[in-house]
Amino acid sequence: MEYIFESDFFAISDQGIHLLRNRYNYKTLDFKEIEQVILEEGKLVNNWILLFTIGLIAVGFAVFYSFRMFEMFNDPEISHIYLEEIIIPVIPLLVGAYCIYTSLRKGPTLKIVLIKNQRKSIPLDKVEKNDQLSLLTNSIKEISALNKKAIFRI
């Protein structure tokens with residue numbers, strides 16, 4: 001099948017929008033079942049609230065454990081503290097900070113609204129990095145003119 005536009009995660013052809021995995025089409029969204037396609041700024045991660053919560057929990061644990069370690073340093077009854085106990089809060093702090101950073105990242109996304117009231121969101125950060133965003137918008141305008149159905153909004 002020949003695509004008008006192809007990316008790592010999706011492709012656009014005359015038939016519809018094809019969702020891809022490793023350049024293999026695993027699902028085709030026909031233009032008849034698509035209500036609207038919106039190119040806008042949005043979150044680059046689908047479950048960003050869950051990722052943000054995990055990050056907050058990890059950072060919270062690191063802060064709590066750091067205060068516990070500070071109390072252990074000031075406790076005269078404790079004679080020695082192992083190196084592993086000092087390193088324990090570092091890993092959750094780094095993982096939590098990365099989760100929070102990733103969950104809050106915004107960039108160009110392609111939102112697909114289906115007639116069945118389902119929504120799909122495709123991040124376009126790699127498309128923007130490869131300087132193909134203008135090619136994508138031109139492809140969308142071309143398909144919109146061919147279908148005579150104003151489902152695309154840029």
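Within region 84-115, being open to solvent by less than 30 Å² (accessible area, probe 1.4 Å) and at pLDDT below 95 holds for PRO89, GLY107, PRO108, THR109, LEU110, ILE112, VAL113, LEU114.
Restricted to region 116-133, and to residues there that are part of a helix (DSSP H, G or I) and of a type in the set (A, V, I, L, M, F, W, C), the residue that is least open to solvent (accessible area, probe 1.4 Å) is VAL127. For GLY42, the criteria (1) over 19 Å from LEU136 (Cα atoms); (2) touching a Pro at 6+ places or on another chain (Cβ under 9 Å) hold in every case but one, which is (1). A Cβ distance below 8 Å, combined with a sequence gap of six or more or placement on separate chains, defines the contacts here; from region 91-107, residues that are over 15 Å from PHE64 (Cα atoms) reach residues that are charged (D, E, K, R) and part of a helix (DSSP H, G or I) in the pairs GLY107/ASP125; GLY107/GLU128. Restricting region 26-44 to residues that are within 22 Å of the chain's Cα centre (by Cα) and open to solvent by 40 Å² or more (accessible area, probe 1.4 Å), the residue that is farthest from LEU110 (Cα to Cα) is TYR26.
Which of the residues belonging to region 101-115 are assigned to a strand (DSSP E or B) and farther than 19 Å from ILE49 by Cβ? Give the steps one after another, and end with the answer.
To start, the set of residues in region 101-115 that are assigned to a strand (DSSP E or B) comprises 106-114.
Hits for region 101-115 are PRO108, LEU110, ILE112, VAL113, LEU114.
Give SER13, SER66, SER79 a once-over and let me know the one that is open to solvent by less than 50 Å² (accessible area, probe 1.4 Å) and either farther than 20 Å from GLY107 by Cα or touching a residue at least 24 places away in the same chain (Cβ under 8 Å) (or both). Result: SER13 is the single residue among SER13, SER66, SER79 that is open to solvent by less than 50 Å² (accessible area, probe 1.4 Å) and either farther than 20 Å from GLY107 by Cα or touching a residue at least 24 places away in the same chain (Cβ under 8 Å) (or both).
Which one of these is under 20 Å from the mean Cα position of the chain (by Cα) and of a type outside the set (Phe, Trp, Tyr): VAL95, VAL59, VAL63, VAL90? Give the derivation first.
Details: VAL59 fails: under 20 Å from the mean Cα position of the chain (by Cα); VAL63 fails: under 20 Å from the mean Cα position of the chain (by Cα); VAL90 fails: under 20 Å from the mean Cα position of the chain (by Cα).
After ruling out the rest, the residue left standing is VAL95.
Identify, please: which residue in region 45-55 is open to solvent by less than 90 Å² (accessible area, probe 1.4 Å) and touching a residue at least 24 places away in the same chain (Cβ under 8 Å) and is, among those, farthest from ALA97 (Cα to Cα)? Going through the qualifying residues, I end up with VAL45.
Return yes or no: is ILE81 part of a loop (DSSP other than H, G, I, E, B) and of a type in the set (Val, Ile, Thr)?
Values: part of a loop (DSSP other than H, G, I, E, B): yes; of a type in the set (Val, Ile, Thr): yes.
When the stated conditions are applied, ILE81 passes them.
The values are calculated or read from the model by the stated rules, or taken from the named source; none is laboratory data. These figures come from a predicted structure and were not determined experimentally. When we count neighbours, we look across all protein chains shown, and the Cβ atoms used for this are built from the backbone with ideal geometry, even at glycine. Only protein heavy atoms, including side chains, enter the accessible area calculation; ligands, DNA and RNA are left aside. Shrake-Rupley method; radii C 1.70, N 1.55, O 1.52, S 1.80 Å.
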